[in-house]
Amino acid sequence: ISEMWDANGNISATFGTALHLAMEQWFKNKENGCGEKEYHIPKHPFLKKAVESFPLKDAVVWPELMISDVSRCMVGQIDGLCVTGDKEATIVDYKTDVDVEKNLEKHSHQLSFYKSILESKGWKINKLEIWNYVDDWKCFELPVSEVML
């Protein structure tokens with residue numbers, strides 16, 4: 001039973017990683033003039049649908065950013081920073097959880113931590129968003145939670 005649970009955990013983690021890589025590929029390379037070959041879009045139909053149907057796909061999103069506030073010993077990696085103005089943005093996090101709502105409080109702490117880091121660098125963070133993909137995208141705007149150091 002333990003082996004079976006581990007296998008299911010690995011499947012879920014690997015699937016989430018594949019979606020993250022597909023989204024990163026899109027945002028890093030969508031403007032590279034790939035033309036008809038569409039090298040910037042996954043070939044697998046499920047991942048291709050996820051990328052092509054993402055509601056923010058035409059927005060300015062900086063993917064997979066490493067952020068830090070060395071003075072407070074804080075570091076993190078953001079799935080996406082949707083830039084909405086001069087040093088103004090929404091933090092975007094991708095999930096593939098079948099029941100994402102049961103973990104929204106934990107996700108709120110994670111994204112609030114990132115918000116704290118960015119605001120210490122002069123950014124204004126307007127929203128914290130979880131974008132969950134199962135068969136289609138669903139957005140959850142999260143409340144800011146207190147960051148405890």
Would you please list the contacts, defined by Cβ atoms under 7 Å and residues six or more apart or on different chains, that run from a residue in segment 1-20 that is part of a helix (DSSP H, G or I) to a residue that is not hydroxyl-bearing (Ser, Thr, Tyr)? ALA18/LEU47; LEU19/LEU47; LEU19/ALA50; HIS20/ASP79
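Determine which member of the set PHE46, PHE54 is outside any strand (DSSP E or B), hydrophobic (A, V, I, L, M, F, W, C), modelled with pLDDT of 95 or more and out of contact with any Cys (no Cβ under 6 Å at 6 or more places or on another chain). Lay out the reasoning, then the answer.
On the way: PHE46 fails: modelled with pLDDT of 95 or more.
Exactly one of PHE46, PHE54 is outside any strand (DSSP E or B), hydrophobic (A, V, I, L, M, F, W, C), modelled with pLDDT of 95 or more and out of contact with any Cys (no Cβ under 6 Å at 6 or more places or on another chain), namely PHE54.
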Of residues in segment 119-135 being under 30 Å from LEU47 (Cα atoms) and over 14 Å from the mean Cα position of the chain (by Cα), the one least open to solvent (accessible area, probe 1.4 Å): ILE125
Restricting segment 106-118 to residues that are farther than 21 Å from LEU19 by Cβ and under 16 Å from the mean Cα position of the chain (by Cα), which is surrounded by the most Cβ atoms within 10 Å (Cβ to Cβ)? LYS115
Given (1) in contact with a helix residue (DSSP H, G or I) (Cβ under 9 Å, 6 or more places away or on another chain); (2) under 17 Å from GLU141 (Cα atoms), identify the lone condition not met by CYS82. (1)
Please find, among LYS138, LYS102, the residue that is part of a strand (DSSP E or B), open to solvent by 20 Å² or more (accessible area, probe 1.4 Å) and without any contact (Cβ under 8 Å) to a residue 40 or more places away in the chain. LYS138
What number of residues within segment 107-135 are without any contact (Cβ under 8 Å) to a residue 40 or more places away in the chain, of a type outside the set (Asp, Glu) and assigned to a helix (DSSP H, G or I)? 8
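For (1) under 12 Å from MET23 (Cα atoms); (2) open to solvent by less than 60 Å² (accessible area, probe 1.4 Å), each residue gets a yes or a no:
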residue: PRO45; (1), (2): no, no
residue: ALA59; (1), (2): no, yes
residue: TRP62; (1), (2): yes, no
residue: ILE67; (1), (2): no, yes
residue: ILE78; (1), (2): no, yes
residue: THR84; (1), (2): no, no
residue: ALA89; (1), (2): no, yes
residue: TYR94; (1), (2): yes, yes
residue: ASP97; (1), (2): no, yes
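The values are calculated or read from the model by the stated rules, or taken from the named source; none is laboratory data. A quick note: this is a predicted structure, and the numbers were derived from the prediction, not measured. Cβ atoms come from the backbone with ideal geometry, glycine included; neighbour counts cover every protein chain shown. Surface areas here come from the heavy atoms of the whole protein model, side chains and all, with no ligands, DNA or RNA. Shrake-Rupley method; radii C 1.70, N 1.55, O 1.52, S 1.80 Å.
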